[in-house]
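The values are calculated or read from the model by the stated rules, or taken from the named source; none is laboratory data. On a predicted model such as this, the values are computed, not experimentally measured, just so you know. Methodologically, a virtual Cβ is constructed for each residue, glycine included, from the backbone with ideal geometry; neighbour enumeration extends over all protein chains shown.
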Amino acid sequence: MILHLTTQSYMNRTLLPTASSNSSLFPPASLHAGIDAAYARLLTAIRSLIDCCIPTRIVTIGPRDPEFVTPFIKHLLVKRRRLRRCGRINKANAIATKINELIVAHRSKRLASLLEATTKELWASVKNKKSERQPIKINGKLADPEEFNSFFSAISTNSDYT
């Protein structure tokens, strides 16, 4: 299962809309509305402002990603890869240091909860987090190695080559 998650990016902020430019964000208050209705309107206005003013980025977390890879860490990994491809190694190394710090913090938090655990609980936590390899399936059926070999040998063989 591949998860497509959004992470908020604070790098490119847009200008906040004003009440006159988007009046649907700030509906007029009713004199008879209770505090719950006013609070609900406030939450709706805040959520819509967040949605329109803070850009989001989509990151993909796959089944083979380790459990410490959060959407923010995945975003930083993508950013580091782009910087390295562009040749900006110093900035990429700074981001790599930040990624390492976040991973260490996550692992230490996870291991702190296992300080007084029994051996059985330790192995249970390791087994749950270990990613098991799934068999390769083609059109819902398990792939046969002989099928793979025959397919790739057929497309790789050039009968015109002498």
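Return the residue satisfying two criteria in turn: it lies in the stretch 60-95 and is free of Cβ contacts under 8 Å to residues at least 12 places away in the same chain and in a loop (DSSP other than H, G, I, E, B), and of such residues it is surrounded by the fewest Cβ atoms within 10 Å (Cβ to Cβ).
Out of the qualifying residues, it is G87.
Residue check, R57 against (1) surrounded by fewer than 12 Cβ atoms within 10 Å (Cβ to Cβ); (2) in contact with a strand residue (DSSP E or B) (Cβ under 6 Å, 6 or more places away or on another chain); (3) among the basic types (K, R), all met but one. Which one?
(1)
What single numbered condition from (1) at pLDDT 85 or above; (2) more than 21 Å from the chain's Cα centre (by Cα); (3) of a type in the set (S, T, N, Q) fails to hold for N100?
Here N100 meets the rest and fails (2).
Output yes when any residue across the stretch 41-61 is closer than 22 Å to V126 by Cα and modelled with pLDDT under 90, and no when none is.
The answer is yes, given that some residue of the stretch 41-61 is closer than 22 Å to V126 by Cα and modelled with pLDDT under 90.
Inspect all residues belonging to the stretch 127-145 and state whether any of them is exposed (fewer than 10 other Cβ atoms within 10 Å of the Cβ), at pLDDT below 80, of a type in the set (S, T, Y) and not in a helix (DSSP H, G or I).
No - not one qualifying residue is present in the stretch 127-145.
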